[in-house]
Amino acid sequence: MSVINLKHSYLLLISAILTLCPGAESRDLVLIAGAKRKMVREIEATGAWVNYVNKMGVVAEATKTQQELLQQLGYPVEIITPDISAIYERNFQESCYLGQYLTYNQFCDTMVTIALNNHHICKLETLGLSYNDNQILGMKISDNPETHENEPIVYFEGNIHGDEKIAWAITFELIKYLVQHYSTDTLVNRLVNSREIWLVPMVNPDGYINSSRYNGHSVDLNRNWGWMWGNEPSQGTAPFSEPESQALLNHIWRNPAVTYVSYHAGTVFISYPWSYCYSYQNTIPELNLIRFLSARYDAYTHYTYGQGSDSMYLINGSTKDFDYGYGMMGWSIEVHLQKTPPASQIDPTFSLNLPAMLALIHHAGQGISGVVTDAITGEPVHCQIWVSPANWLSYNHPQLGDFHRFYLPGTYTLTFRAPGYQDTTISNVVVPDYDDSAVTINVQMIPDSLSTIFAFRHIYNNYVNINNNRTYPVYALGHPDGNGFRLDNSKYICLDMGKPVYNQKGPDFVVYRSAGTGSAQIQVANNWQGTWINIGTASAPETEFDLNSIGLDSIRYVRATANGEFHLDAIKGVGNNLGVSAPNKNNIATPSLFVQPNPARERIKFTLPVIKPGDNLLTILTPTGRVVKTLALTGSELFWDGKDAAGVPVAAGLYFACTRTIAPVRFLILK
């Protein structure tokens, strides 16, 4: 083994030991003179917490043990501020008329009090529990907080790094400001009435309580997200391995936002995506949009702005990269040189950021919005929305079908795509250069029973070779188009098909390769966290897979792991795999059994135009043939409440209805 490899092995061993006992020693603020951005991961692997990088070197907070380890690795260490941990603790305890830090319990109690006293505009929600079972609280502020309305969603969160307590403070102060000024400030009143503002001041309560960067599992939550995850110290065992990350992810899926701000401290900077690569290697497709909004924030704060990797350092698995990958404008905004400055700095720091916060809330209503519905039923359709010329996607709200995306004045082309529907493309959509610079486009999508399921949503993927891989995970979504995502050797990606893929006669889904000769191991599951089941290897431009080969009735998620380089173009269901019976154009005879609606969410109506002798029962079955319920045929119309023989509501999925003389008719239950 080489000297370099021995050094790294020693580094990893010591790092693992240190990670098991975080906070055992106090930390000094240090300068690692001459260290470069590319060295940050090695420095962080010692357990040191990097604040920022400048021309002098890397500024970090490190214990004595970590400083010794850094010096053994050849890094010169200079102490800037001894025992910065004690200074932060004294600052936390300080009480001042300009602000006050709260304990975790005080924070929870105050959030409850605010929600109760302002229930007409506030809804308090527990998004989930931390690793140590502390509540992750989110406050929705809007004029009808209990109901989702056709309004843009904006997101502010703080304290993902638990020791950065000023990030908690300014997010919490925004809650207080909005509720205190709703009745008296016309701007606040307008924004609250026309937006849905979500605020999560304490993403990492374990870290806040312990004054630690990490959660209770010793994981850096800003390395745990699913966009280009991996190759980071303290990243967690898998993408979204931590309950805090999962809580926010699920909340985003339910409430896709226009803008998403994650507040940090330790320097001052407005950091936008990408963080996984440098700008000379790749920039986000809609760079003009993120730069415009960043400049607006900077106009009030003078923090300066730029691509996170260029002015900070490389990060895999960050929130802001995932945010943009999911169609939201995302930032990590550093608001103070001290992570926990004196309490007297809370009010000035918040006051500096407040106009910029309000500006972002305002701009969320600028651009393109609308509602997507089924052209026949009028029900909302959850869909992808691809916007050109950048050809980037976002998602509408799954409950109401409304979408909101920030765009600057200009002309755009929008494509709406959902399983079971024809693609709908609208060209020459003009965002005007006057008033609020907003345009509304309502879309009615046409159902197509011959449409196939496709990979609908990216959940996570491993990091890429940033030196030569310019592809994005979202390139694997939708229909095959020859433009795939390159999975580097041994790297993987997890995709959500959006709906179950059912086991039918013959192959059930196809994996498309857009280029090259590489292969990928394909695994499937009904939960994106597994258990994963191997179904085979994709090794051709089109490789078919049959669920019958592994004995599953259905799957929802697909994971591909590359052997060599694998260019994943798309994953699609085969034939009519939506649980909706396709029409037989050559058969115009009256059907024997109607199921309405299909798919259904609640009560289902069965209609039998003709009841044949011997048909006295209607039987409802699962795809495996298990009897769910039998209903007595007392007439040509029959209703079912969606409950099994024990009176328990059945799960979402595919079912069949039949009688003694009528062949099974498939229908789908949604939840």
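The values are calculated or read from the model by the stated rules, or taken from the named source; none is laboratory data. Keep in mind it's a predicted model, so treat the numbers as computed, not measured. Note that we place each Cβ from the backbone using ideal geometry, even for glycine, and neighbour counts take in every protein chain shown. We work out accessible area using only protein heavy atoms, side chains counted, and drop any ligands, DNA or RNA first. Shrake-Rupley method; radii C 1.70, N 1.55, O 1.52, S 1.80 Å.
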So which chymotrypsin sites (Phe, Trp or Tyr not before Pro) in segment 469-540 are both in a DSSP loop and have at most 11 other Cβ atoms within 10 Å of their Cβ? none
Prolate/oblate/rounded call for segment 174-319, Cα gyration tensor, a/c under 1.5 rounded: oblate
Loop only by DSSP, 11 or fewer other Cβ within 10 Å of the Cβ. Give me the trypsin sites (Lys or Arg not before Pro) in segment 27-124 that pass, ordered by residue number. 36, 55
Under 19 Å Cα to Cα from residue 320, which aspartates and glutamates show up? Leave out anything in the same chain fewer than 8 places away. 157, 164, 220, 232, 242, 244, 286, 298, 310, 334
How do the peptides 263-273, 438-448 rank, highest first, by the average count of neighbouring beta carbon atoms within 10 Å per residue? 263-273, 438-448
Set the bar at 18 Å for Cα to Cα. Now go through 123/339; 605/629; 605/643; 499/572; 140/176 and name every pair that lies beyond it. 123/339
So what are the ³J(HN,Hα) numbers for segment 537-554, from phi and the Karplus equation (6.51, -1.76, 1.60; θ = phi - 60°), rounded to whole Hz, Gly and Pro as x? 10, 8, 9, 9, x, 9, 10, 8, 9, 10, 4, 4, 5, 10, x, 9, 6, 7
Virtual spin-label span in nm between residue 399 and residue 470, 7 Å along Cα→Cβ: 4.2
Can you send over the solvent-accessible area of residue 283, 1.4 Å probe, protein chains only, in Å² to the nearest 10? 50
Multiplying the sequence separation of residue 376 and residue 250 by 0.36 nm and subtracting their Cα-Cα distance, what value in nm do you get? 42.4 nm
Length-normalised contact order for the chain - Cα pairs under 8 Å, 6+ apart - percent: 9
Helix 287-301 sits off the longest principal axis of the Cα atoms of the chain, rounded to the nearest 10 on a 0 to 90 degree scale, by 40
Can you give me the convex hull volume of the Cα atoms of segment 326-366, divided per residue and expressed in Å³? 80
For segment 417-516, what's the relative contact order in percent, using C-alpha pairs closer than 8 Å and at least 6 residues apart? 27
If one compares the long axis through the Cα atoms of helix 84-93 with the longest principal axis of the Cα atoms of the chain, the angle in degrees, nearest 10, works out at 70
Which far-off residues, 5 or more places away or on another chain, put their amide H under 5 Å from the one on residue 454, with H placed in the peptide plane? 573
Binned at 20 Å starting from 0, the alpha-carbon pair-distance distribution of the chain in whole percents comes out as 17, 47, 29, 6, 0
Order of 195-208, 293-306, 93-106 by packing, highest average Cβ count within 10 Å first? 195-208, 293-306, 93-106
Expressed as a fraction of 2.2 N^0.38 Å, the rule-of-thumb size for a compact globular protein of N residues, what is the C-alpha radius of gyration of segment 424-554? 1.30
Computed over segment 173-220, protein heavy atoms only, probe 1.4 angstrom, the accessible area per residue in square angstrom equals 31
Volume per residue that the Cα convex hull of segment 163-239 spans, once the total is divided by residue count, Å³: 108
Report, in degrees rounded to the nearest 10, the 0 to 90 angle that the Cα long axis of helix 165-181 makes with the longest principal axis of the chain. 60
Each residue of segment 635-646 in turn: what ³J(HN,Hα) in whole Hz from Karplus with 6.51, -1.76, 1.60 and θ = phi - 60°, glycine and Pro shown as x? x, 6, 10, 9, 10, 10, 8, x, 10, 7, 5, 8
Given a 1.4 Å probe, how much area per residue of segment 233-315 is accessible, in Å²? 27
The chain - percent of accessible surface contributed by carbon and sulfur, probe 1.4 Å: 51
List the residues, sorted by chain then number, that are 5 or more residues from residue 423 or on another chain and whose placed amide H is less than 5 Å from its amide H. none
Part-to-part distance (alpha-carbon centres) for segment 145-167 and segment 50-121, which is given in Å: 20
Between segment 328-364 and segment 254-295, the alpha-carbon center distance in angstrom: 15
Scaled radius of gyration (Cα, divided by 2.2 N^0.38 Å) that segment 461-515 gives: 1.31
Check: the chain dipole with +1 on Lys, Arg Cβ and -1 on Asp, Glu Cβ, in debye: 1460
Filter the chymotrypsin sites (Phe, Trp or Tyr not before Pro) in segment 392-442 down to the DSSP loop ones having no more than 14 other Cβ atoms within 10 Å, then list what survives. 434
Would you pull out the residues with amide H under 5 Å of residue 214's amide H, same chain only if 5 or more places away, H placed 1.01 Å from N? 162
Which whole-Hz couplings ³J(HN,Hα) result when phi for each residue of segment 505-516 is put into the Karplus expression 6.51 cos²θ - 1.76 cosθ + 1.60, θ = phi - 60°, listed in order with x for Gly and Pro? 5, x, x, 10, 8, 10, 9, 9, 10, 8, 7, x
With the 1.4 Å probe rolled over protein heavy atoms, segment 343-401 has an accessible area per residue in Å² of 31
Protein-only accessible surface order, largest first, of 514, 318, 490 at 1.4 Å: 490, 514, 318
Output the relative contact order of segment 62-211, whole-number percent, from Cα pairs under 8 angstrom with separation of 6+ residues. 24
Computed lengthening from residue 636 to residue 120, 0.36 nm per intervening residue step minus Cα-Cα distance: 180.9 nm
The chain, helix-only ellipticity at 222 nm - DSSP H runs n ≥ 4, -39,500 (n - 2.57), divided by all residues, nearest 500: -6500 deg cm²/dmol
